[in-house]
Amino acid sequence: MELTGEIAAIRDGRGDPARLVGEFRRSVLLVPLADGPDGGLMSAVSGGIRWVYAFTDEEALARFASARGQADREWEFLSVLGARLVDAVVPMADGPAGVAVNVADEAGSMFFPPVAGIVPDASAVDLAAGEVA
């Protein structure tokens with residue numbers, strides 16, 4: 001099953017969290033580039049966590065652009081494996097970070113928070129310093 005199917009299964013209460021995380025790690029996601037002088041990947045901070053935006057396809061990214069009132073501009077993005085986002089990008093963030101997938105899809109979004117089993121142990125907020133899951 002692809003990532004959107006695994007998200008739907010979890011949201012319906014019939015999914016397997018381990019299968020969801022595995023599919024997320026194997027999926028190629030579209031990550032928009034941030035505008036402005038700092039550049040980088042587009043993200044937002046909420047609840048003290050930096051959430052990197054990622055999308056399962058161009059249609060999901062287009063819905064995000066439309067929700068922001070920016071559907072008429074060109075969106076630059078990178079294609080990145082979910083595993084690369086959590087294993088390489090999250091540890092580089094200043095503070096806790098996770099990945100928000102398809103955030104403009106009310107019934108199809110999913111957050112992958114900075115916890116053990118999703119991000120590297122050193123970046124997991126649910127582990128004490130030096131603790132290993």
Q) Hey, could you pull the Cα Rg and Dmax for the stretch 1-78, both in Å? A) 14.3, 44
Q: Take LEU81, project a point 7 Å from its Cα along the Cβ direction, then tell me which residues of the stretch 27-55 have their backbone nitrogen under 15 Å from it.
A: 27-30
Q) From the backbone phi of the stretch 81-96, what are the Karplus-calculated ³J(HN,Hα) couplings (6.51 cos²θ - 1.76 cosθ + 1.60, θ = phi - 60°) in whole Hz, Gly and Pro given as x? A) 5, x, 4, 5, 4, 7, 8, 10, 6, 3, x, 7, 6, 7, x, x
Q.
I'd like the FRET efficiency for ASP72 and MET1, computed as 1/(1 + (r/R0)^6) with the beta carbon distance as r and R0 of 30 Å, rounded to 0.05.
A. 0.30
Q: Pull up all non-local amide H partners of GLY40: gap of 5 or more, or a different chain, and H-to-H distance under 5 Å with H placed in the peptide plane.
A: ALA34
Q | Cβ-Cβ FRET estimate between ARG19 and ASP94, R0 fixed at 25 Å, reported to 0.05 | A | 0.20
**Q.** Antiparallel DSSP beta bridges within the stretch 6-133, percent to nearest 5
**A.** 70 percent
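Every read-out reported here was derived from the displayed coordinates using simple, explicitly stated rules and does not represent laboratory data. Please read these numbers as outputs of a predicted model, since none were measured by experiment. Cβ atoms come from the backbone with ideal geometry, glycine included; neighbour counts cover every protein chain shown.
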